[in-house]
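The values are calculated or read from the model by the stated rules, or taken from the named source; none is laboratory data. Worth saying up front: this structure is predicted, and the values here are computed from it rather than measured. As a convention, Cβ positions derive from the backbone with ideal geometry for all residues, glycine included, and neighbour counts pool all protein chains shown. Heads up: the accessible areas ignore ligands, DNA and RNA and are worked out on the full protein's heavy atoms, side chains in. Shrake-Rupley method; radii C 1.70, N 1.55, O 1.52, S 1.80 Å.
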Amino acid sequence: MAAPPDTELPSALSLELLPTDPLLLILSFLDYRDLVSCCYLNQRLNQLSSHDPLWKRHCKKYWLISEEEKSRRNQSWKAIFASTYSDLGRYIHYYATLKKAWDDLEKYLGQWCPRMISSLKESAREEDLDAVEAQIRCKLPDDYRCSFRIHNGQKLVVPGLMGSMALSNHYRSEDLLDIDTAAGGFQQRLGLKQCLPLTFCIHTGLSQYMALESVEGRNKYEIFYQCPDQMARKPSAIVMFITGTSYLEWFTSYVDKVVTGAYPIIRDQIFRYVHDKKCVATTEDITVSVSTSFLPELSSVHPPHYFFTYRIRIEMSKDALPEKACQLDSRYWRITNAKGDVDEVQGPGVVGEFPIIGPGRSYEYTSCTTFPTTSGYMEGYYTFHCIYKDRFFNVTIPRFHMVCPTFKATNPDESAVDEDQDSTGTDDSQDRRRVLDFPAPSGCCPCHT
């Protein structure tokens, strides 16, 4: 409907007439790209988008710059954002996540594993990473490069940053390789083409690799342990136990388990045992809890031989009466694999010991088991006798499950075969014999104790 002839239409509201505070509030919701774009629209927006407090949020969000660091650098928020972007701009989508992970890890290590801090290397330079790409003739993913701009891995020392494992005659401790050492181990051999080692254990020679290209049945940037396929026609065929889909996911998920206490610290080392909170059982005043770990270096898919270790903690409540003190006499295990086959094991003590526990005291030990299937579970009980009275009783060991990681069998000369976690291998007598004959690289361990 047309306006009455005597009504005057309002003129268009000019940006120059809008008050400053509402405009600054609107600009505070923009991302850094849009804030930069506003600089080129007109003089007013150019002035407002340079308002320094607007850049504080972006400095904290993308670069984790604190007030203390700003004071130390004696620069404006906008200048700090610009200078940091000029150096690390290609990593802007990864930097905050990885920097927080490194900061959290350093803080945790400083409290629980202080000697490991000294093994961390300073950041790599951008030109160092470019030189490695030229050397191996392959691009490094930006999340990997970003992490190494924060810390260039660690020295080849023990304990390793990426976790340890110790059994009676097998020890593993993985270092996070610096960029030059990793480049020296870059693989072009059949079976591991274009794979870059991320970790290394000086005791076992074990590495976790990252695939830099989608070749030989691998996905680009997958991270894995390699295991020879003992039954393939070609010795270059391997099985990949996949540990990550990208460097960012692999590293940050590991750090999260460390700093949240999901991985225990034992003798100044990070042990990659996983504890299921449901794997706890209490009988009278005694609580038994279990954590487990899969050992790829002692496992094989073809033939099927999956090696697990478990750590058991037996603890008596501190509120128990002194006369409740008791000694472990024997153990009973019921072991079930993914096919439903059951083994029963009984024996005296645990790992050759007969521990005594009392109020507020605990006992921990480590043992291991193998399955011809990718998963299985164990449960059972310990028999104790009271120290101060003639009484025997059983203490429940909670059922705990063990499942190997997702794996993929690759054969460079044949079509790749994908396997999943529910794969159980074959069941004929010949394969059972080959499972038993499969040599553990560092010897074998006492099982089911």
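Classify the range 95-256 as rounded, prolate or oblate, taking a ≥ b ≥ c as the square roots of the eigenvalues of its Cα gyration tensor: rounded when a/c is under 1.5, otherwise prolate if a/b is larger than b/c and oblate if not. It is oblate, given that a/c is not under 1.5 and a/b is not larger than b/c.
Could you tell me which of rounded, prolate or oblate describes the range 49-150, using a ≥ b ≥ c as the square roots of the eigenvalues of the alpha-carbon gyration tensor, with rounded for a/c under 1.5 and, failing that, prolate when a/b is larger than b/c and oblate otherwise? Oblate, since a/c reaches 1.5 and b/c is not below a/b. Excluding ligands, DNA and RNA, the accessible surface per residue across the range 298-338 is 33 Å² with a 1.4 Å probe. A crude spin-label estimate for the pair Lys121 and Ser317, with each label 7 Å from Cα along the Cβ direction, gives 5.3 nm. Counting only heavy atoms of the protein chains and using a 1.4 Å probe, Ser50 has close to 50 Å² of accessible surface. Once you've got the GNM for the chain with C-alpha springs shorter than 10 Å, pick whichever of Tyr254, Tyr363, Tyr144 has the biggest mean-square fluctuation. Per the Cα network of the chain with a 10 Å cutoff, Tyr363 tops the list.
For n ≥ 4 DSSP H runs only, could you compute -39500 (n - 2.57) per run for the chain, divide by its residues and tell me the 222 nm figure to the nearest 500?
-8000 deg cm²/dmol
Note on the range 20-89: Kirkwood hydrodynamic radius from all Cα pairs is 12.4 Å, rounded to one decimal. Taking a Cβ cut-off of under 15 Å around Trp55, the surrounding Lys, Arg, Asp and Glu residues balance to a net charge of +3, with basic ones at +1 and acidic ones at -1. Return one number: the angle in degrees, 0 to 90 and rounded to the nearest 10, between the long axis of the Cα atoms of helix 53-63 and the longest principal axis of the Cα atoms of the chain. Long axis of 53-63 versus the principal axis of the chain: about 30 degrees.
Shown for the chain: the carbon plus sulfur share of the solvent-accessible area, taken with all protein chains present and a 1.4 angstrom probe, equals 51%. Ordering of 386-394, 350-358 by packing is 350-358, 386-394, highest average first (other Cβ atoms within 10 Å, averaged per residue).
Compute the Kirkwood hydrodynamic radius of the chain, taking the inverse of the mean of 1/r over all pairs of distinct Cα atoms, and give it in Å to one decimal.
After inverting the pairwise mean of 1/r, the radius is 26.0 Å.
Label zone (Phe392, point 7 Å along Cα-to-C-beta; backbone nitrogen cut-off 17 Å) within the range 347-363: 347-350, 354-355.
For the range 95-256, the solvent-accessible area with a 1.4 angstrom probe is 40 square angstrom per residue. Measuring nothing but how far apart in sequence close Cα pairs (under 8 Å, 6+ apart) lie, relative to its length, the range 96-179 scores a relative contact order of 29 percent. Comparing the range 209-366 with the 2.2 N^0.38 Å rule of thumb, its C-alpha radius of gyration ratio is 1.35 (two decimals). Computed from Cα atoms, the angle from the helix 247-259 axis to the main principal axis of the chain rounds to 60 degrees. Remark: the Thr245-Gln346 segment gains 32.2 nm on full extension, using 0.36 nm per residue and subtracting the alpha carbon distance. Taking a straight line from the alpha carbon of Lys257, these lysines sit under 27 Å away, with near neighbours fewer than eight places off in the same chain left out: Lys60, Lys61, Lys99, Lys100, Lys107, Lys121, Lys155, Lys220, Lys277, Lys278, Lys408. Packing, taken as the mean count of other beta carbons within 10 Å per residue, orders the peptides 261-268, 237-244 from highest to lowest as 237-244, 261-268.
Taking Lys and Arg as +1 and Asp and Glu as -1, the other residues whose beta-carbon sits under 12 Å from that of Tyr85 total +2.
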